[in-house]
Amino acid sequence: MKLTSAVVFCGSSLGFNELYKNVAIELGNYFVENQIKLVYGGGKIGMMGVVSNTMLAQGGEVVGIIPDLLKHEEVINSGATEIIVTKTMSERKMKMSQMIDAYITLPGGFGTLDELFEALTLQQLHIEQKPVGLLNVNGFFNHTIQQLDHMVKEGFLKPENRALLLVDETVDGLMNQLKTYKAPKKTHVINKVVR
């Protein structure tokens, strides 16, 4: 698939390990080198700031989408190529979805996981057919991945839906998976209820 734009979900903090900042820089550089437009949460702090500012310093295209209610809590990256202000968080997610070819998740907190799982749910329900990638730098998402595997084992997540999440520890490895992604054939979404 042709990958021209991607949303990056990541933290508004940097975490305690320099590895997280470094991978954000590496991803930003990859986007610039491959002319991929970044769509993200619009902040200039934390992981969001590192990815976006890395790209902006090299003339990369950066679109920030931020809900009005967060404008006062987050520091908007006014240097972005474009800033879009939405009324709600839901509108923000919808706008992001309309502008991108793929989803990428870097380390972050509650908001990052919320966005990741909403993206996966859209794929599971066949509302979208876009690749969803997880950059598991420093094993940050190991426990999340284990939880998904446990959900499969316990019968709450189908293996084919678990396979919707592409995981790699390196930027190059993950980007290669995203570029070669083939959407699965549509299957029944909801199991019939047996009475």
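Here, each number is a calculation from the coordinates, and none is a lab measurement. Because the structure is a prediction, the values reported are computed rather than measured. As a convention, Cβ positions derive from the backbone with ideal geometry for all residues, glycine included, and neighbour counts pool all protein chains shown.
At a threshold of 8 angstrom on Cα-Cα distance, excluding pairs fewer than six apart, so keeping six or more, what relative contact order does the chain reach in percent?
21 percent.
Along the charge dipole of the range 5-179, pointing to its positive end and built from +1/-1 on Cβ of Lys, Arg, Asp and Glu, which listed residue (Gly49, Gly108, Val62) has its Cα farthest out?
About the Cα centre, the residue reaching furthest to the positive side is Val62.
Order these by the 10 Å Cβ neighbour count, fewest first: His126, His143. If you can, show how the numbers build up before the last one.
Working: His126 13, His143 9.
Taking fewest neighbouring Cβ atoms as first place, the list is His143, His126.
Return the long-range amide H neighbours of Ile65 (sequence gap of 5 or more, or a different chain), with a cut-off of under 5 Å between placed amide H atoms.
Tyr40, Gly41, Gly42, Ile84
Select one label from (1) 28, 18, 17; (2) 40, 23, 12; (3) 23, 22, 15: the one whose number is semi-axes √(5λ) of the Cα gyration tensor in Å as derived from the coordinates shown.
After the calculation, the listed value that fits is (1).
Nothing charged except the Cβ atoms of Lys and Arg (+1) and of Asp and Glu (-1): what's the magnitude of the dipole of the chain about its Cα centre? Round to the nearest 20 debye.
Dipole about the Cα centre, nearest 20: 820 debye.
With respect to the cross-link table entries Lys21/Lys44; Lys93/Lys153; Lys130/Lys153, which display a Cα-Cα separation exceeding 21 Å?
Lys93/Lys153; Lys130/Lys153
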